[in-house]
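Just so you know, all these numbers are worked out from the coordinates, no wet-lab data involved. Keep in mind that what you see is a predicted model, and the values were worked out from it rather than measured. Neighbour counts run over all protein chains shown; Cβ positions are idealised from the backbone, glycine included.
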């Protein structure tokens, strides 16, 4: 291709004049408008929750949250009362203490197990993988009674130990399945070349597999973090100390005590939402890449 043809091709793909830019905007604007409307509809409940959490209780009872655009009146008293008076500050820290280890533990174990099932030869490897896939069908509810009876003598139910172990155990089958399917798509020649050079399996995992698999690992980490942070059922079962209860459990207690105090409930609910929102939007590019990982080899 000549330089002139290359220049013409580039000029055809990138608008040069104001008229070309306007035509391209007009041709694409209907799609953008539709997508914007869909996004706005999905965001409306969250916007209403955020505005309600900052409104005084008297204003909240007198009018809807949308009236704030004509007569703005905001206060942080709802958040101060929830964090200090109702113990949500401590519950927020408990949620972090529960979620971070419950995400890191299965992430490390699942990554190592997935690498072994993908690139390390050992007897009954495929059978082991099929058994792990079968464990994905086991509901968490089936283990409540035996696990509680087994963990009660250890004292782990009175701290974070039981919830760490159970969250990690239930998350491992899906994590191993997801990461193994991604690891197996990595270039075989690259792994074999490292083995010929004398690299051990651990060195291959640390220097080759992990750097090439960041999108898949991050995607699984986001899944696990969001699931653990928002979990209520397992927290009720495996955290039997009031001092260690996370935010979802505290919100159910607030719901029973302040059923009509919508401003307080809105403030507590938004506190639960804010961390997953920050995590998702800050790591969304890894999330999308992880979802598409392995689709094109």
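Round to a whole angstrom and tell me the spacing of the C-alpha centers of region 64-121 and region 152-218.
23 Å
Counting other C-beta atoms within 10 Å, which of 273, 136 has the fewest, and how do the rest follow?
Ordered by Cβ neighbours within 10 Å, fewest first: 136, 273.
Between residue 80 and residue 131, take the C-beta separation as r, use R0 = 41 Å, and let me know the FRET efficiency to the nearest 0.05.
Calculated transfer efficiency: 0.20.
Would you please give the FRET efficiency between residue 32 and residue 63, computed as 1/(1 + (r/R0)^6) with r the Cβ-Cβ distance and R0 = 41 Å, to the nearest 0.05?
0.80
Highest mean first, how do 225-231, 262-268 rank when packing is the count of other Cβ atoms within 10 Å averaged over residues?
So the order, starting with the most tightly packed, is 262-268, 225-231.
Within 10 Å, count the other beta carbons around each residue, average over each peptide in 143-150, 232-239, and list them highest first.
Result, highest mean Cβ count within 10 Å first: 232-239, 143-150.
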